[in-house]
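Note sheet for the following structure.
Coordinate-derived values only; no laboratory data. All values derive from a computational prediction rather than experimental measurement. Heads up, the Cβs are rebuilt from the backbone with ideal geometry, glycines too, and the neighbour counts pull from every protein chain shown.
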Amino acid sequence: PTIYGQYEVAEHVLDFVQKYGCEKIIAIGGFQTPFERELGKVYGVFNKPHLGEELKSLGVSITRSGAITGACGIILGLGDQRNLESVGLLGATKGEYPDMEAAREVLKVVTKILGLEINLEKLNREIIEMKRRLESLHRIQTEAIGQVTREFRRRPSPFYV
């Protein structure tokens with residue numbers, strides 16, 4: 001969706017939840033990182049000091065700088081303008097593909113905040129299967145690159161270079 005479409009959708013979502021008395025919003029998204037050590041972390045932003053303490057107690061890494069883009073950032077900004085308690089939870093990811101592991105870690109925090117218990121076994125199985133497929137794809141790519149490299153080396157060098 002365009003940026004204007006995201007604003008319109010966010011406004012409608014906030015209108016809807018406020019109609020039913022919602023006072024706190026949780027927006028979720030991703031945080032792209034090149035660092036392996038950050039994968040699995042959940043970063044949080046908030047607009048009221050007590051929310052920061054709550055997030056820290058749940059093991060969320062608090063971030064104080066940077067821009068939150070897309071629908072997640074728009075919901076948080078508009079929620080703050082409406083004086084709603086606003087929490088953003090961002091799963092650290094490489095950003096190369098839809099990251100179910102990052103989503104799972106964010107989901108764990110959301111369930112703690114809301115006092116819910118959910119069974120993550122099916123998601124865990126899907127993550128294992130996804131990893132298996134990605135490893136297989138990586139092996140195929142590595143073999144293909146090796147084959148192309150060997151073929152390239154077999155060719156005689158051009159005499160005019």
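Within straight-line reach of K24, meaning a Cα separation under 17 Å, sit the following aspartates and glutamates at least 8 residues removed in sequence or on another chain: E11, D15, E53, E54, D80, E85. The angle between the Cα long axis of helix 100-114 and the longest principal axis of the Cα atoms of the chain comes to about 10 degrees, rounded to the nearest 10.
Here the gap between E151 and E129, fully extended at 0.36 nm per residue and compared with their Cα-Cα distance, gives a gain of 4.6 nm. In plain terms, the chain is cut at each of the chymotrypsin sites (Phe, Trp or Tyr not before Pro) found in a DSSP loop with at most 11 other Cβ atoms within 10 Å, and the longest leftover piece is 36-158. In this label model, E117 and Q141 are separated by 4.1 nm, measuring between points 7 Å along each Cα→Cβ vector.
Once the Cα atoms are used to define both axes, helix 3-19 deviates from the longest principal axis of the chain by about 40 degrees. Do the alpha carbons of any pairs in K48/K131; K41/K112; K19/K41; K19/K56; K48/K108; K41/K131 sit beyond 27 Å of each other, and which pairs? Beyond 27 Å: K48/K131; K19/K41; K19/K56. Among S136, S61, S86, the order by Cβ neighbours within 10 angstrom, fewest to most, reads S136, S61, S86. Just to confirm the filter: which GluC sites (Glu not before Pro) across region 70-116 are DSSP coil and have at most 11 other Cβ within 10 angstrom of their Cβ? Of the GluC sites (Glu not before Pro), the ones in loops of region 70-116 whose Cβ has at most 11 other Cβ atoms within 10 Å are E96.
The loop-placed trypsin sites (Lys or Arg not before Pro) in region 73-108, going by DSSP, that have at most 16 neighbouring Cβ atoms within 10 Å of their Cβ come out as R82, K94. With distances taken between every two different alpha-carbon atoms, the chain has a Kirkwood hydrodynamic radius of 18.6 Å.
For A27, the amide hydrogen comes within under 5 Å of the amide hydrogens of V87, G88, L89, counting only partners 5 or more places away or on other chains and with H modelled in the peptide plane.
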